[in-house]
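Q: Questions regarding the structure given below will be posed in turn.
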Amino acid sequence: MPQKSRALAVGGTSRPKSILAVALTIGIAVSAYLLVFHSHYYHTAIKSWAMVWLFSSISALNVFWIDPLFRSRWAKFFCALLLVGLAAAGYAGLLSLKTYALTEQRRRNRVNSSGEVTDFEVETHKGHQTEYAVFEYLHEGTRYTHRIINKPAQHLGGTLPVRLASSDPENVIVTDY
């Protein structure tokens, strides 16, 4: 009777775990793509779902990769700590990449326009209130809506100078605020 190798007995690669690891890695890549290129849209849940998928995929990789691989609690702890550090560095890299990609897109496909303040919103988070000015702008016959943190000088019906990318009109920045 052949014996199982130590790798398989401890939790090394088996076919279902390999398939799951590949699926989770693809999930991490897809959520990273969504966070970088599609999380700037107003009133969408893309950013929330991508973040949930990203962190649940990283957690699942921890369960299926680190937990069975090491027997020692300290080895598991340090590997999990390494994975958290890599996830934090990856997230910081994603935010940097997102900022760079959106800025480059606005620079290459620049369109200057003006937006009109149409509403005000207040969000309360942990006892702290943040006021937002909601503004609309027009590009090629389509009306888009965004919001920015409100300053006391803004009033309903006021205009804001905006710069947007012609290839992605929801990639907008208020230029003089």
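Q: Students often get this wrong, so check it: of K47/K126; K126/K151; K76/K126, which have C-alpha atoms separated by over 27 Å?
A: Going by Cα-Cα distance, K76/K126 fall outside the 27 Å limit.
Q: Dipole size in debye (nearest 20) for the range 110-174 around its Cα centre, Lys and Arg Cβ +1, Asp and Glu Cβ -1? Intermediate values should be presented prior to the final figure.
A: Details: 6 positive and 9 negative charges, 46 e Å.
Charge dipole of the range 110-174: 220 debye, to the nearest 20.
Q: Can I ask one more? Please report V162, V30 as a ranked list, fewest other C-beta atoms within 10 angstrom at the top and most at the bottom.
A: Lowest count first: V30, V162.
Any read-out appearing in this document is the output of simple, stated calculations on the displayed coordinates, not a laboratory observation. Please read these numbers as outputs of a predicted model, since none were measured by experiment. So basically every Cβ, Gly included, is an ideal-geometry build from the backbone, and we count neighbours across all protein chains shown.
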